[in-house]
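Data first, discussion second: the structure below is written as structure tokens.
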Amino acid sequence: MSITVVGSIAYDTVKTPFGERERMLGGAAVHFALAASFFDEVHVVGPVGEDFGEPQLEVMRSRGIDVSDIERVAGGKTFFWQGEYGWDLNSRETLDTQLGVFEGFQPKLSPSSLASDVLFLANIQPDLQRDVRAQLPQARFVALDSMDLWINIARDSLVAAIEGVDCVILNDAELRQLTGKPNLVAAAREILSWGQGGSDGGGRGPSVIVAKQGEYGAALVTRDGFFALPAYPLESVIDPTGAGDTFAGGLIGYIAAHPEEELSDELLRRAMAHATVLASFNVEEFGTERVERLTGNEIVSRIKELQAMTQFSGAPLSLRG
Ligand code: AMP
């Protein structure tokens, strides 16, 4: 089957202690799509301006991504984001956000995007996320990302959007901010209790919460259990921009690639490993540079390394006391 993603398609200007890039290809939907394209067919939905180039579209096309629902708005300007990181690459400062063509954007999905069985609502205005979610009522798995901005200015709409999805992917600070609970597991459990009665998504409510913890890895909380993985240990991290969306692309892509398998914690653990590995490649270079030339073999060998380094034996020891 296939995955549809709606979200930003951007030009990013980024400065880290290791260099800078101006107006490189970025956006949550782009990072997500490049990662997910290793697992399944991906349809990208979102607007760009007249300034968006053919070479940028080609980056996506060359990974087999369907770009026919990328709407070029006449006279419009592509979403622009500028950020800067210090030595602590876990925190960044947003210096500029220009919504451009996102202002007044009405998502229009073609029949092939509407037919996807998996949907990812990348970080955009929650009303837009709900609009797209409502257009794919039959999707078997729907996930959502968001950010502090929407928790601050559109919390009610975001909560309604969350009630209509199966999986919520947020960073740990956002989970705490959204729920007002300082403890990560308690915050995740609170969100797992939302939306079971009805509203947008047919009354399922989220059953999977993923907490992204930057260089410390990611945690998974479901109704049945808990799982966590460290980030893949890299000696050189150049630019974390898009790591969260690349992580989501690995996670959702892996789930989409297993349509016959029940959504068990065991499947989700494997998906978390693929998400972790995809994100680790993304941060090795600026923007999409590394993932653009990534190969399936590189992913497979890093998965094996991550598996080896996160295993331990249960050798029994008779403890004192
Ligand atoms: P991440 O580092 O995973 O949080 O994703 C960064 C990407 O999100 C960048 O490529 C930006 O273009 C995009 N981005 C930043 N701010 C926003 C926003 N307010 N809405 C949508 N996308 C954004």
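The values are calculated or read from the model by the stated rules, or taken from the named source; none is laboratory data. Being a predicted model, the structure only gives us computed values, none of them experimental. Note that we place each Cβ from the backbone using ideal geometry, even for glycine, and neighbour counts take in every protein chain shown. Just the protein is used for accessible areas: all its heavy atoms, side chains included, with ligands, DNA and RNA removed. Shrake-Rupley method; radii C 1.70, N 1.55, O 1.52, S 1.80 Å.
Considering only protein heavy atoms and a probe of 1.4 Å, how much of the accessible area of the chain is carbon and sulfur, as a whole percent?
Numbers: 7120 of 14010 Å².
Of the solvent-accessible surface of the chain, carbon and sulfur hold 51 percent.
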Given a 1.4 angstrom probe, what's the average accessible area per residue across the chain, in square angstrom?
44 Å²
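Of F286, F226, F39, which has the most accessible area with a 1.4 Å probe, and how do the rest follow in descending order?
Details: F286 5, F226 105, F39 45 Å².
Of F286, F226, F39, the descending order of accessible area is F226, F39, F286.
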Using the beta-carbon distance between D88 and Q138 and R0 = 45 Å, what value does 1/(1 + (r/R0)^6) give for FRET efficiency, to the nearest 0.05?
0.55
In whole angstrom, the spacing between the Cα centers of segment 238-283 and segment 53-73 equals 22 Å
Within segment 91-126: backbone nitrogen closer than 18 Å to the D156 label point (7 Å, Cα to C-beta)
125-126
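Do the sum for the chain: with -39,500 (n - 2.57) for every DSSP H run of n ≥ 4, divided by all residues, what is the mean residue ellipticity at 222 nm, to the nearest 500 deg cm²/dmol? Display every interim value, and only then the final one.
On the way: 12 runs with 113 residues, N = 321.
The per-residue figure over the chain is -10000 deg cm²/dmol.
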How much accessible surface area, in Å² rounded to 10, belongs to the heavy atoms of R270 with a 1.4 Å probe?
70 Å²
Can you give me the relative contact order of the chain as a percent, contacts being Cα pairs under 8 Å and 6 or more apart?
17 percent
From the Cα centre of segment 153-190 to that of segment 98-118, the distance in Å is 24 Å
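Under the definition of Cα pairs under 8 Å and six or more residues apart, what whole-number percent is the relative contact order of segment 29-94?
Working: 90 pairs, mean separation 21.3, N = 66.
Taking the mean separation of contacting Cα pairs over the length of segment 29-94, I get 32 percent.
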Value of relative contact order over segment 115-270, rounded to a whole percent, pairs C-alpha under 8 Å and six or more apart
17 percent
P(r) for the chain: what percent of alpha-carbon pairs falls in each 20 Å bin, starting at zero?
34, 59, 6, 0
With every protein chain kept in the model, how would you rank M24, M309, M60, M1 by accessible area, 1.4 Å probe, largest at the top?
M1, M309, M24, M60
Checking rank on 125-136, 94-105, with mean other Cβ inside 10 Å and highest first, the result is 125-136, 94-105
